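Take a look at the structure below.
The values are calculated or read from the model by the stated rules, or taken from the named source; none is laboratory data. All values derive from a computational prediction rather than experimental measurement. Note that each Cβ is placed from the backbone with ideal geometry, even for glycine, and that neighbours are counted across all protein chains shown.
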Amino acid sequence: MTASVDAAPFEPSRIELERRAYRRARKQRSILVSVVSTLVFAGVIAVVLVNSPGWDRVRETFFDPQVAVASFPRVIKGLWLNIQVLVVAALGVAILGTLLAIARTLKGAVFTPVRLLAAGYTDIFRGIPVLLVLYLVGFGIPGLELTGRVPAQVWGTIALILCYSAYVAEVLRAGIDAVHPSQRLAARSLGLSHGKTLRLVVMPQAVRKVTPALMNDFVSMQKDVGLISVLGAVDAVRAAQIEVAASYNFTPYVLAGVLFVLLSWPFIRLTDWMTARAQRREQVGGAV
């Protein structure tokens, strides 16, 4: 006969309650100190800037509200082009970077040429500055006259994909190598093919391990999307340049910079949150 016993609700001990109260007080004190120190620092910077000899001229040249309002429609229209390029480039980088990472992790002597080609690709495009790749792709390929007239943003997108695929490939390769070999062996013992093992077992774990690094690369690409202006694409940077030439005022550059920050800020915060979550997950049970 089985006797049923009602489980008593868990109640923390007095010592545990005191520990929680102490941690709560320390956290509140830390937040208060952070807020006060930040406000003091910002106040000191503001006082130094406002009292500097050339502040009035700098304010008129870089922070003119009227110029900002007048240039906003053209700059925001250019930013929309940057967003379109970013979306297409991110998809292209995800595909090409994954293929390169898989190629670099292929085993067997027969795949040596594939591994060497992938390694050479990542070495070259990680070494060449993005600006030079933009020039080479945007001005070199059209010079071959293989196609008709292609918009400048298309060549800029291709250049960004070529560069950032090399970085993403190395990040993914590190994630793949970080997956314990027992995971592959267990999957193969269950009858999964090499392709299914890679797709269903290895890659999900690899991506989870390197997600913060991948997000950092994405944030960097958000910033470098503005470089397509060197090819003549009228994006936010080129639109700001046009407005500066028309008004003889640098406020449109500041406006474009603020818009880029607002575009990247959610992903920066998401990256920090994912990094902190991964750190907490790895340190579970490690704190005393």
Fill in the blank from the handout: Only unsatisfied item for LEU255, checking (1) surrounded by 20 or more Cβ atoms within 10 Å (Cβ to Cβ); (2) under 17 Å from the mean Cα position of the chain (by Cα); (3) more than 23 Å from VAL133 (Cα to Cα), is (2)
Exercise for the section: Run SER52 past the list (1) in a loop (DSSP other than H, G, I, E, B); (2) closer than 24 Å to LEU227 by Cβ and report the number of the one that doesn't hold. Expected result: (2)
Practice task
Please indicate, with yes or no, whether at least one residue in the stretch 223-233 is at pLDDT 90 or above, of a type in the set (Val, Ile, Thr), buried (at least 18 other Cβ atoms within 10 Å of the Cβ) and in a helix (DSSP H, G or I).
Solution key: yes
Practice task
List every residue pair whose Cβ atoms lie under 6 Å apart, where the two residues are 6 or more positions apart in sequence or sit on different chains, the first residue falls within the stretch 53-74 and is without any contact (Cβ under 8 Å) to a residue 24 or more places away in the chain, and the second residue, located anywhere, is surrounded by 13 or more Cβ atoms within 10 Å (Cβ to Cβ).
Solution key: none
Exercise for the section: Please tell me if VAL219 is closer than 24 Å to ILE161 by Cα and either part of a helix (DSSP H, G or I) or not assigned by TED's automatic domain parsing to the domain that holds ALA68 (or both). Expected result: yes
Handout entry: Single residue of LEU259, LEU270, LEU255, LEU263 found to be in contact (Cβ under 8 Å) with a residue 40 or more places away in the chain and either in contact with a Ser or Thr (Cβ under 7 Å, 6 or more places away or on another chain) or not assigned by TED's automatic domain parsing to the domain that holds VAL67 (or both)
Key = LEU255
Handout entry: Options ALA90, ALA70, ALA118, ALA109: the member that is touching a Phe, Trp or Tyr at 6+ places or on another chain (Cβ under 9 Å) and hydrophobic (A, V, I, L, M, F, W, C)
Key = ALA90
Completion exercise
Across the stretch 110-123, the tally of residues that are surrounded by 14 or more Cβ atoms within 10 Å (Cβ to Cβ), among the aliphatic types (A, V, I, L, M) and either free of Cβ contacts under 8 Å to residues at least 40 places away in the same chain or over 17 Å from VAL93 (Cβ atoms) (or both) stands at 2
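Quick check on the stretch 124-174: of everything there that is among the small types (Gly, Ala, Ser) and in contact (Cβ under 8 Å) with a residue 24 or more places away in the chain, which residue is surrounded by the most Cβ atoms within 10 Å (Cβ to Cβ)?
GLY156
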